[in-house]
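This report refers to the structure that appears directly beneath it.
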């Protein structure tokens, strides 16, 4: 498994589950220490919430985002301890996972990233409370057709757009509730295999986040972002971010722009990456990589027994 052909991937919202990180913390002291460090940084019981719930509190975006980061960073630190000389060619994170990737790339300290991701969750929740919207996963239609459907379903005051281009045949739409409903109807009529309304009250990666954009820009602007020592594939650009300015710009734009995950993985494959290691909760991203390119090797590391795969 040559490092020059490997990318680390970090999951975003939707990968969380009650119990996440518990076995890892039981099995590795560095993971246990990561949870203790996170609790000191945030002054909240992130361990208890991640390991024992309740589920509705864990699924609150202000808690979900830091919980996912802590599990990802804990898994990354375990791997770093086991394989100290293994440095991947690239890192990438899905949506808020981009902040976890920044930690692995050395662009942000764990403490700074954790505070920023908590603030991101708070701002997204604030936007959702002020301008409620919705999201829906559409299966079986291509991205070009869905762009047209969203354009036709939108009005000057009610916008819906593609939020996540996850993989061929799996796209998430996001926006104003009425526009989203029109897009859902049109997608069904266009032959979508399935349309699933997501159980969220926020419209992530849509114009409904605009009202908190200035606050988020200020938070990102104040964050001590440094030059990454590993290229980060940006969600918005689907290209390497190699300077603090590029990292800030992509992270700020990500709030209202689509996550170009399919293009990101395709870019990495063109660069010669053939092994993708997902660090943190579950294997959602590994599944997306499989849908994008079945020839790629996929390894998910989140519980102790997973690490036997790379020894």
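A short reminder: the numbers here are calculations on the coordinates, not readings from a lab. Being a predicted model, the structure only gives us computed values, none of them experimental. For neighbour counting, all protein chains shown are included, and Cβ atoms are generated from backbone atoms with ideal geometry for every residue, glycine included.
Once the Cα atoms of helix 29-42 and of the chain are each reduced to a long axis, what angle between those two axes, in degrees from 0 to 90 to the nearest 10, is obtained?
The angle comes out at about 50 degrees.
Quick one: if the Förster radius is 22 Å, what FRET efficiency do residue 185 and residue 126 give, using the C-beta to C-beta distance and rounding to 0.05? Display every interim value, and only then the final one.
Numbers: r = 30 Å, r/R0 = 1.35.
Using R0 = 22 Å, I get an efficiency of 0.15.
Could you please state, rounded to a whole Å, how far the C-alpha centre of segment 182-202 is from the C-alpha centre of segment 1-31?
31 Å
How far apart, in nanometres, would the label points at residue 305 and residue 60 be if each is projected 7 angstrom from Cα along the Cα-to-Cβ direction?
It is 3.4 nm.
Where both residues lie in the chain, what percent of DSSP beta bridges are antiparallel, nearest 5?
Details: 19 of 35 bridges.
Counting DSSP beta bridges with both partners in the chain, the antiparallel share is about 55 percent.
Roughly speaking, what is the centre-to-centre gap between segment 205-245 and segment 79-111 when only Cα atoms are used, to the nearest Å?
After rounding, the separation between the Cα centres reads 15 Å.
With springs connecting C-alpha atoms under 10 Å apart, model the chain as a Gaussian network and identify which of 257, 127, 186 has the largest mean-square fluctuation.
186
I'd like to compare 236-247, 258-269: which one has the highest average count of other Cβ atoms within 10 Å, and what's the full order after that? Each step should come with its number before you reach the end.
Values: 236-247: 18.6, 258-269: 22.2.
Final packing ranking: 258-269, 236-247.
Could you work out how much longer the chain between residue 194 and residue 271 gets when fully extended? Use 0.36 nm per residue separation minus the Cα distance between them, nm to one decimal. Intermediate results must be reported in sequence, preceding the final value.
On the way: separation 77, 0.36 × 77 = 27.72 nm, distance 3.33 nm.
Once the chain is fully extended between residue 194 and residue 271, it gains 24.4 nm.
Just subtract the alpha-carbon distance of residue 243 and residue 29 from 0.36 nm times their residue separation and send over the number in nm, one decimal. Present the calculation step by step, with values, prior to reporting the outcome.
Numbers: separation 214, 0.36 × 214 = 77.04 nm, distance 3.30 nm.
Once the chain is fully extended between residue 243 and residue 29, it gains 73.7 nm.
In segment 133-200, how does Rg compare with the Kirkwood Rh, expressed as the Rg/Rh ratio over alpha carbon atoms? Walk me through the intermediate numbers first.
Details: Rg = 10.3 Å, Rh = 11.2 Å.
Rounded to two decimals, Rg/Rh equals 0.91.
Label residue 210 and residue 152 with points 7 Å out from Cα along Cα→Cβ: what is the distance between them in nm?
2.4 nm
Using just the C-alpha positions of the chain as equal point scatterers, what log10 of I(q)/I(0) does the Debye formula give at each q in 0.10, 0.12, 0.13 1/Å?
Normalising to I(0) and taking log10 leaves -0.52, -0.76, -0.89.
Taking 0.36 nm per residue of separation and subtracting the Cα-Cα distance, what length does fully extending residue 40 through residue 5 add?
Numbers: separation 35, 0.36 × 35 = 12.60 nm, distance 3.63 nm.
Net length gain for the segment: 9.0 nm.
Relative to the longest principal axis of the C-alpha atoms of the chain, give the angle of the C-alpha long axis of helix 143-153, reported between 0 and 90° and rounded to the nearest 10°.
The angle comes out near 50 degrees.
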